[in-house]
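Structure first, commentary second.
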Amino acid sequence: MAISGFIFFGIIAILFVYAVVIYNNLVLLKHSTAKSWSNIDILLKQRHDELPKLVETCKRYMRHEQATLERVMQARAGVSSALDSGDIKALGTAETLLRRGMEQLFAVAEAYPDLKANQTFQHLQVRITELENNIADRREFYNDSVNNNNVRIEQFPDLLIARLFNFKPFEFLQFNAEEIRDIDMATMFN
């Protein structure tokens, strides 16, 4: 009787340790995903702060392009609103509009040699392009983290612990199909 009791408690102890390991791994994935989102958030806020400077610099030269400048600022407000609400899908849509507006702004700037020669414009263009590249890299890392988290909370036996402790899936940060297609430069100048 003593040996079977010892074996029973040994099995319970092993199952408990295994459950703790699963729980800790799920917590690690959850916080890793949150951290990767935080990295995107920081970059989006940095870009958010740079855009008004770019638009203000462009306003001095692009008197006939106010609609383009207004589209960029409206899209910037849409990204800010989506970030504030935490709506990942709305953020993807707003990001698509903002990127389209910035591409159009940079394309239109080509027609203004004085603007292109302006050091502030050049600096802001380089800074925003760097931020865009960093956002793309962080978005990929975030989506990988989301995928890892979501797979783990659906796999057995992890899903038992995930359900018991109410671990939730995260949403992918996706841009519209229009965002990932090739850009038709001819339409940007119409």
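Data overview
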{"item": "Cα-based helix-to-principal-axis angle, 2-59 vs the chain, degrees rounded to 10", "result": "10 degrees"}
{"item": "Across Lys30/Lys89; Lys35/Lys89; Lys45/Lys168, pairs whose alpha-carbon gap is larger than 22 Å", "result": "Lys45/Lys168"}
{"item": "Per residue, the convex hull volume that the Cα atoms of the chain enclose (Å³)", "result": "117 Å³"}
{"item": "Of the chymotrypsin sites (Phe, Trp or Tyr not before Pro) in segment 137-166, those whose Cβ has at most 15 other Cβ within 10 Å and which sit in DSSP loop", "result": "Phe165"}
{"item": "Convex hull volume per residue for segment 15-86, taking Cα atoms only, in Å³", "result": "71 Å³"}
{"item": "Positive minus negative residues near Arg47 (Lys, Arg vs Asp, Glu; Cβ under 9 Å)", "result": "0"}
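Quick note: the coordinates plus some simple rules give every number you see, no bench work behind them. In this text, all values refer to a predicted model and were calculated from it rather than measured experimentally. Here the Cβ is made from the backbone with ideal geometry for all residues, glycine too, and neighbour counts use every protein chain on show.
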